[in-house]
Amino acid sequence: MKPTYFSSVIGRAEHELLLCCARTQPTPETADRIRVLVSQPLDWEHLFRLASRHKLSPLLCWQLNTFAADLIPQPILQRLRTDLAIINRRNLQFAAELLSLLQLFHDKNIQAIPYKGPVLAETVYGNLALREFVDLDVLVRKRDVLSARDLLVARGYRSSVQLAARQETAFLNYQCEHVLSDDRRDLMVEIQWRVVPNYFSFQFDYETMWPRTEPVTLCQRPIVTLSPEDTLLLLCVHGSKHLWARLGWICDVAEAVRHFRQLNWNLLEQRATMTGSQRMLHLGLFLAQDLLAAELPKEIRQQIDSDLAVRALANEVSSQLWAENEESAPGFFESSLFHLKAKERWRDRLRFCFRVLTTT
């Protein structure tokens with residue numbers, strides 16, 4: 001499966017430059033290409049907007065400052081460095097809050113698994129400043145959701161939904177997260193008990209992920225997070241849920257593939273097959289390889305090549321990835337059709353259709 005690099009048919013230097021910068025460890029060839037692209041006339045405002053939309057501002061700033069600082073106009077270079085410093089301070093604030101919340105949950109005997117956000121930034125990207133995020137994602141058991149929510153409310157957070165007691169059971173059964181915000185500190189936390197709503201028909205046994213958690217450090221503090229296999233699978237399911245509308249989500253997959261050198265690919269494939277998410281996994285991996293040159297094992301590439309639907313879905317993603325008009329974003333019908341095609345098992349497709357029709 002030879003990379004095609006969608007940038008070659010897009011035609012804008014800003015798009016290709018963002019792709020070249022969307023990795024923590026560019027090859028020498030990619031670094032040289034960054035310098036060539038920066039030497040061309042660029043619409044810097046468009047590039048900044050593009051990076052912000054795809055949550056790739058930190059990597060753009062970092063790589064341009066690293067490989068092309070001498071070619072960039074001084075006002076632009078200063079803006080890059082200022083933006084990176086602002087993001088770094090913001091991420092440190094998020095990381096400190098996450099550690100406080102984990103301690104709060106621990107004190108109340110609530111087990112919690114943080115993932116994405118600052119954990120992914122420090123462990124997979126290798127630098128807390130290099131991944132942009134707008135909230136904290138914390139997985140808890142379904143039985144602990146309301147207790148965790150109440151702890152955050154007592155801490156000053158405000159829930160995005162106000163439910164009567166009789167509505168809470170239905171909410172927990174069909175949805176996947178409680179979103180809470182602290183407007184005073186501009187913080188947002190998602191308490192999750194699954195990564196996608198029930199109607200998405202992702203047959204993942206969340207209880208089994210708890211014994212598989214692995215120790216990591218965040219700001220030199222020991223915590224636990226998802227296993228490499230669970231991390232990569234859930235990243236691909238999350239990206240598929242959102243139609244891979246952000247290049248940043250594809251970058252997460254590419255960086256996870258690069259970082260998890262001891263990843264058990266056979267176990268990952270088995271888990272994806274069991275949960276009916278093999279096509280979503282393969283789509284995320286294909287995009288990571290095709291756009292960001294992620295290196296995949298030969299056996300995985302062959303499995304991806306055997307499913308023609310993966311390439312068709314990738315073409316749909318690429319057609320929307322650089323769309324500049326928000327009104328062109330897929331609507332409910334188009335999104336549902338994408339989700340339907342991203343499922344390889346007919347029983348999951350039927351279950352998805354039934355649940356969408358009966359819960360929306």
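The values are calculated or read from the model by the stated rules, or taken from the named source; none is laboratory data. None of these values were measured; they are calculated from a predicted model. Note that we place each Cβ from the backbone using ideal geometry, even for glycine, and neighbour counts take in every protein chain shown. All accessible areas refer to the heavy atoms of the entire protein, side chains included, with ligands and DNA or RNA removed. Shrake-Rupley method; radii C 1.70, N 1.55, O 1.52, S 1.80 Å.
Taking all Cα pairs closer than 8 Å and separated by 6 or more residues, the relative contact order of the chain comes to 16 percent. When only alpha carbons of the stretch 58-104 are considered, Rg and Dmax amount to 14.6, 48 Å.
Of the DSSP H helices in the chain, those with a Cα length along their own long axis of 24 Å or more and a mean Kyte-Doolittle hydropathy reaching -1.0 comprise 74-107. Peptides 276-282, 226-232 ordered by packing proxy, namely the average of other Cβ atoms within 10 Å per residue, highest first: 276-282, 226-232. From the Cα gyration tensor of the stretch 256-320, with a ≥ b ≥ c the square roots of its eigenvalues, which class applies: rounded if a/c is under 1.5, or else prolate if a/b is larger than b/c, or else oblate? It comes out oblate by the Cα gyration axes. For the stretch 249-360, the dipole from Cβ point charges (+1 on Lys and Arg, -1 on Asp and Glu) about the Cα centre works out to 660 debye, to the nearest 20. Relative to the Cα centre, the charge distribution of the stretch 1-123, modelled as +1 at Lys and Arg Cβ and -1 at Asp and Glu Cβ, gives a dipole magnitude of about 200 debye.
Anisotropy class assigned to the stretch 148-243 is oblate, per the alpha carbon gyration tensor with a/c at or over the 1.5 cut-off and a/b no larger than b/c. The peptide list 104-112, 127-135, 348-356, put in order of mean Cβ contacts within 10 Å with the highest first, becomes 127-135, 348-356, 104-112. Expressed as a whole percent, the accessible surface of the stretch 196-321 that belongs to carbon and sulfur atoms is 49, based on a 1.4 Å probe. Mean projected area of the convex hull spanned by the Cα atoms of the stretch 163-210, taken over all viewing directions: 4.7 nm². Cα convex hull, the stretch 32-89: 75 Å³ per residue, rounded to a whole number.
Per residue, the stretch 199-263 exposes 39 Å² of accessible surface when a 1.4 Å probe is rolled over the protein heavy atoms with every protein chain present.
Rounded, prolate or oblate for the chain? Axes are the square roots of the Cα gyration tensor eigenvalues, ordered a ≥ b ≥ c, and the cut-off for rounded is a/c under 1.5. Cα axes put the chain in the oblate bin.
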